4 protein chains.
Amino acid sequence: MSTLGIAVIGAGRMGADHARRIGRTAGGARVVAVADPDAGRAKEVAAGLDGAYALTDPAAAVAAPGVGAVLIASPAAAHEEAVGYALERGLPVLCEKPLAPDAAGALRVVEAEQRLGRRLVQVGFMRRHDAEYGLLKELLDAGGIGRPLFLHCRHRNASSPPFFTADMLLGDSAVHEVDAARWLLGQEVTAVSVFAPAPSSLAPEGLGDPRFVLMETSGGALVDVEVFVNCGFGYEVRCEAVGESGSASLGEPQAVEVRRAGLRAQAVPQDFTVRFADAYDRQLRRWVAAAARGGVAGPDAWDGYAAAAVCEAAVASARSGVRTAVELVERPPLYR
Amino acid sequence: MSTLGIAVIGAGRMGADHARRIGRTAGGARVVAVADPDAGRAKEVAAGLDGAYALTDPAAAVAAPGVGAVLIASPAAAHEEAVGYALERGLPVLCEKPLAPDAAGALRVVEAEQRLGRRLVQVGFMRRHDAEYGLLKELLDAGGIGRPLFLHCRHRNASSPPFFTADMLLGDSAVHEVDAARWLLGQEVTAVSVFAPAPSSLAPEGLGDPRFVLMETSGGALVDVEVFVNCGFGYEVRCEAVGESGSASLGEPQAVEVRRAGLRAQAVPQDFTVRFADAYDRQLRRWVAAAARGGVAGPDAWDGYAAAAVCEAAVASARSGVRTAVELVERPPLYR
Amino acid sequence: MSTLGIAVIGAGRMGADHARRIGRTAGGARVVAVADPDAGRAKEVAAGLDGAYALTDPAAAVAAPGVGAVLIASPAAAHEEAVGYALERGLPVLCEKPLAPDAAGALRVVEAEQRLGRRLVQVGFMRRHDAEYGLLKELLDAGGIGRPLFLHCRHRNASSPPFFTADMLLGDSAVHEVDAARWLLGQEVTAVSVFAPAPSSLAPEGLGDPRFVLMETSGGALVDVEVFVNCGFGYEVRCEAVGESGSASLGEPQAVEVRRAGLRAQAVPQDFTVRFADAYDRQLRRWVAAAARGGVAGPDAWDGYAAAAVCEAAVASARSGVRTAVELVERPPLYR
Amino acid sequence: MSTLGIAVIGAGRMGADHARRIGRTAGGARVVAVADPDAGRAKEVAAGLDGAYALTDPAAAVAAPGVGAVLIASPAAAHEEAVGYALERGLPVLCEKPLAPDAAGALRVVEAEQRLGRRLVQVGFMRRHDAEYGLLKELLDAGGIGRPLFLHCRHRNASSPPFFTADMLLGDSAVHEVDAARWLLGQEVTAVSVFAPAPSSLAPEGLGDPRFVLMETSGGALVDVEVFVNCGFGYEVRCEAVGESGSASLGEPQAVEVRRAGLRAQAVPQDFTVRFADAYDRQLRRWVAAAARGGVAGPDAWDGYAAAAVCEAAVASARSGVRTAVELVERPPLYR
């Protein structure tokens, strides 16, 4: 087994985190090039990695000697182009979500793969690699609670970053539940209705935080999602699947229970990098193993496209106030 | 303190249960008359109670010597008439929910009380007397989690009785969440949208079980309710209130935790009489104390009317598939 | 069913609490006399109870007209005498624990009952009437976890009252675990070893708080008890039974779970009257029902004696630092 | 950063597991040699690792070209010799627990390191690398619950392997709690008392399963451990630390909660490799990073010696039935 050389595109928070993770937790891989328009940032990340080039041009990074796979963590608007460089060279890709800023862009990636006739692109929906989500998926697939009727989802952040917008609440946050629901149920989302309480006075003005998203699926299930990115108390992702003969819940992280001063309490993780640390590790290890064989190990370009289409419908529903159908192109044979 | 004599109207499951409970757990009260059209049933219940009359006529029971208060547990269609007999005599009433089969009937009770100028009727929404609901109410009133944004509610029964209908799913089951939401929030429900997944194949044909009810309130909160009366695994009522600065959940009953055969498990109560046994006791004790002073200690006729109006809107929404506004008459000064 | 008249001996905290409870939650009973050497205290308690006499002499209270049963909540040193008055008149007794300050005194009560040939005395070990303890007892009796090997017990109070002594840590606090263990296992305690960490600097000097009590039983089980009456954070009683094929735990009270400020937390009850409120109610109701028929419904004089003997051995072990055998007289046929 | 070459001594269950783990989760390291007296077993493990030698002689494996560190997972009796080969060459070692079969052997390793003047040996007490144990250690060190008074520990296996003996119950199982207690408290164990209930009829005859181990520490804390290696229901490690102002518990693994058939249940892990999978990964990563710098990152030879000495005292107490003091040599400056 030779070591897989990886080009990391984007040296911001996510890119730097992935790059560090490759060196630390993914045996059989190493970063050979880091590209970022901000040369200083690229250098800083590369400096921590023995012998990695720092570049400003993503195309050059993808083409660098020894690169056998590409990890894309640049801003969403730059994803499609970088994926293109990788596909040209037939290199496996792990692309942070969203695959593209809109469904049309994601669809172009799907079409490019179809022309190649191979699936090379994996999208970074890390929850599919979380241990609890994995157990829930197994239980559902085994019929352990019968046909699913509901998924009740909570997605809470302590606070939102300064640049966050009302559309990102759906396209950047709820998109995780869109992918999780499609995957857990093995169904497409067919319609979305977005509701909103009077917005929290503790959230930035105009953000419209929180939201309540109700999705209908091709198999007759209902998926409801509370998205609340300024909940104040921490980061929390929970999901309860309700089936015809039982229910199953995830989302209470393992934690030391402390009794003190009249309370029995556990700390709530403050950040997704804490809550999903293991999922990110596992995503990387699985992708490295699959990429070494030229394939993917998780959500593919079709999943990226479908999630983007559902989020577009959600944004439309949030604006119009009415239930909005999700229109997908026919699913190509490559993704069946 | 002399003992309060109570006439129990209706000797079915609920009536018999209340009658037994009065003797056992409510100091200061005793049943003096039991009325049921089924004379045998009335006799059977009265037989267990030292010196209680068994009658078939509710009016006669209310007028029996020594009766100082009336507990109504007959079928919903008979409530309004029985309440009328009590109001004529100025007697305090505890009426099982619903106050009347429809909002119009409940409104007539409200109007009758207004003519009397006194509130004598309490409706049997027992959750208001549950210890956990009481703590949640206190927390919300104290601003402990900030202004409420959501109530996420689950209402599950192991299985529905043979006579259960699609409308009862809303009017008999979800009505508890309607009252609880109005009380916890101190707000009226202004609109209802009812959604449904493909019905469970394990529920009776045509029942349309489960349902998902989404309510909007006068203060800008959203209340969602999963009503599932054939969930199979037990009786379960849960509620999570989400406010601007925190959340609070109830509904994990105290239970012995058993580790055995690969599982860490707790038994789920199978029945509301188990889950809310203490709430029924406390409701009765509080009502007896209040009735002895000529008043009520809990949800009143207005609450019964408002809940009925919301349920009517929910039934309409379930039929039409669209969001339905709740229209209430103006709240009379007696109930402010 | 006529109403049972009760004489309450002792109008301190426990007596006043029991007296109030009789009026409120125990149908079929009423307090007719309250006796306390402090006449003012007796009057105050009696005043809240319609038509009850206030007396200073316990013998007079027991002999008062209408008295059909006696509840003793005076200091331990006064129990034996008051029990004697009741036994002379053949009246059922509920006596707060301990039955007597020492095993010799408790044994004299056992002998007095033997002479009468009837069991009339119930000891107020209220845990036997707690719902969770009841479920654990059922599970053990049904062989649900196989033959019991261990009971791991925790008994914690937020802080101890000013008059508390090192011996009371065992005789007043751990005595509850002694009775619970004997009852749950259906076995006698045969030896006791008391260990102690360096005492808490937050507990009163000289109290030797906390202690660790290890009991061996006639059926080969080990029972360990942490007794810590100045734990600071609240009142907590937990018990895990470990059997050959599983384990079962009790002691996490039902509570609203609040997420706020980085924590997921539940309030810990601060007091035994909160934690065991239902158990006290149930104890009273069961005793009233049994007393009306002339009998007892719970731990009897033999249980009071055996618990006292174990506590004496524990005190001896705490002083000597060595394992101490428990010596009981032969169990009389009346108690088999 | 060049890659650290590792010799794995012992290709049984633990050795094979560590070898696989190095390739998969520890960036910066690779296995270059695998030694086992059973040549076939060594070959099988080496075959899964690109370019690793398979050998039968541990000395040859340690001396193989490219070896920069040694991982020892052979039977306990072979540890001391293999550690010797590594120390001769100045190579860092991760040695599975126990460091040696008895305290005398462990002490010889301590003495050998002293002669070298460097700490090169880390012992594989993986719990120190578990996230929950780490949080508990931080909390205790920060004074979060005040001075520790008790550690209540449970160590349960579903069933014991065929070769398990009564002494291994203490030296192989309880030894983990010995190390955890010493580490969490930062104190030495000064005396041990071993108690036993009547042994479980479901455990192998003569094993004397379960046991109850009570340790006293240099700082006045008490540590009690239930060791039960045939508990039937799964693998479970729990620990509650009780301090002067609070308590803290660990050991409820994150798990999907399933409601089904009258139960609310979570699966119990069946094996330590599941429960401590992350701890083993983290142990390896930390050791690789430390070994690359020539040091250790966790329990050292002194810890291995002290744990062995406590276990010897425990075995003696189990045989004699009396409290047994732990005698340690003076702690050398190298380990302060």
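Of all residues in segment B:13-24, those that are closer than 18 Å to B:Gly68 by Cβ have Cβ atoms under 6 Å from Cβ atoms of residues that are open to solvent by less than 10 Å² (accessible area, probe 1.4 Å) and in a helix (DSSP H, G or I), 6 or more apart or on another chain, in B:Arg21/B:Leu284. Report yes if B:Val189 is more than 27 Å from B:Phe228 (Cα to Cα), open to solvent by less than 30 Å² (accessible area, probe 1.4 Å), under 19 Å from the mean Cα position of the chain (by Cα) and of a type outside the set (Asp, Glu), otherwise no. It is false that B:Val189 is more than 27 Å from B:Phe228 (Cα to Cα), open to solvent by less than 30 Å² (accessible area, probe 1.4 Å), under 19 Å from the mean Cα position of the chain (by Cα) and of a type outside the set (Asp, Glu). Remark: pairs (first residue in segment D:244-269, touching a residue at least 24 places away in the same chain (Cβ under 8 Å); second residue polar (S, T, N, Q); Cβ separation under 8 Å; 6+ apart in sequence or on different chains) = D:Glu244/C:Ser200; D:Glu244/C:Ser201. Scan segment C:226-240 residue by residue and report those that are surrounded by 23 or more Cβ atoms within 10 Å (Cβ to Cβ) and touching a Phe, Trp or Tyr at 6+ places or on another chain (Cβ under 7 Å). The answer is C:Glu226, C:Val229.
Applying the criterion of being open to solvent by 40 Å² or more (accessible area, probe 1.4 Å) and farther than 17 Å from B:Ala39 by Cβ to the residues of segment B:71-83, the residue that is farthest from the chain's Cα centre (by Cα) is B:Glu81. Only one residue in D:Ala292, D:Ala301, D:Ala221, D:Ala297 is more than 28 Å from D:Ala112 (Cβ to Cβ), touching a residue at least 60 places away in the same chain (Cβ under 8 Å) and among the hydrophobic types (A, V, I, L, M, F, W, C). Which one? Checking each option against the conditions leaves just D:Ala221. In segment B:288-304, of all residues being open to solvent by 10 Å² or more (accessible area, probe 1.4 Å) and under 13 Å from the mean Cα position of the chain (by Cα), the one that is farthest from B:Val192 (Cα to Cα) corresponds to B:Gly298.
How do the strands (runs of 3 or more DSSP E) wholly within segment C:208-308 filter down when requiring 3 or more residues that are away from every other protein chain (no Cβ under 11 Å) and of a type in the set (A, V, I, L, M): which remain? Walk me through how you get there before you give the answer.
Details: elements: C:211-217, C:222-228, C:236-243, C:246-250, C:257-260, C:263-267.
Of the strands (runs of 3 or more DSSP E) lying wholly inside segment C:208-308, none has at least 3 residues that are away from every other protein chain (no Cβ under 11 Å) and of a type in the set (A, V, I, L, M).
Given the condition open to solvent by less than 20 Å² (accessible area, probe 1.4 Å), within 17 Å of C:Gln283 (Cα to Cα) and of a type in the set (Val, Ile, Thr), answer yes or no: does some residue in segment C:48-70 qualify? Taking every residue of segment C:48-70 in turn, at least one turns out to be open to solvent by less than 20 Å² (accessible area, probe 1.4 Å), within 17 Å of C:Gln283 (Cα to Cα) and of a type in the set (Val, Ile, Thr).
Is it true that A:Gly28 is under 19 Å from the mean Cα position of the chain (by Cα), surrounded by 15 or more Cβ atoms within 10 Å (Cβ to Cβ) and on the phi > 0 side of the Ramachandran plot?
Details: under 19 Å from the mean Cα position of the chain (by Cα): no; surrounded by 15 or more Cβ atoms within 10 Å (Cβ to Cβ): yes; on the phi > 0 side of the Ramachandran plot: yes.
So A:Gly28 fails the test.
Scanning segment A:192-220 for residues that are open to solvent by 10 Å² or more (accessible area, probe 1.4 Å) and closer than 21 Å to A:Ser247 by Cα gives A:Glu216, A:Thr217, A:Ser218, A:Gly219, A:Gly220. Is it the case that B:Ala291 is over 30 Å from D:Leu263 (Cα atoms) and assigned by TED's automatic domain parsing to the domain that holds B:Phe195? In short, no. A count restricted to segment D:300-336 and to residues that are in contact with a Pro (Cβ under 8 Å, 6 or more places away or on another chain) and over 18 Å from D:Leu169 (Cα atoms) stands at 1.
Yes or no: segment A:162-182 includes at least one residue that is within 11 Å of chain B (Cβ to nearest Cβ) and crowded, with 19+ Cβ neighbours inside 10 Å. Give the derivation first.
Within segment A:162-182, the subset within 11 Å of chain B (Cβ to nearest Cβ) is none.
Within segment A:162-182 (the criterion being within 11 Å of chain B (Cβ to nearest Cβ) and crowded, with 19+ Cβ neighbours inside 10 Å), the answer is no, since none of the residues qualifies.
Candidates are the residues of segment C:11-38 that are more than 22 Å from C:Asp278 (Cα to Cα) and touching a strand residue (DSSP E or B) at 6+ places or on another chain (Cβ under 7 Å); the one that is farthest from the other protein chains (Cβ to nearest Cβ) is C:Ala35.
What do you reckon, is C:Gly134 part of a helix (DSSP H, G or I), farther than 23 Å from C:Arg282 by Cβ and away from chain D (no Cβ under 14 Å)? Here the answer is no, as C:Gly134 does not meet what is asked. What about B:Phe233, is it assigned by TED's automatic domain parsing to the domain that holds B:Asp167, in contact with a Gly (Cβ under 7 Å, 6 or more places away or on another chain) and of a type in the set (Phe, Trp, Tyr)? Answer is yes for this residue.
The values are calculated or read from the model by the stated rules, or taken from the named source; none is laboratory data. Just so you know, these numbers come straight off a predicted model, no measurement behind them. All Cβ positions, even for glycine, are placed from backbone atoms using ideal geometry, and neighbour counts span all protein chains on display. Just the protein is used for accessible areas: all its heavy atoms, side chains included, with ligands, DNA and RNA removed. Shrake-Rupley method; radii C 1.70, N 1.55, O 1.52, S 1.80 Å.
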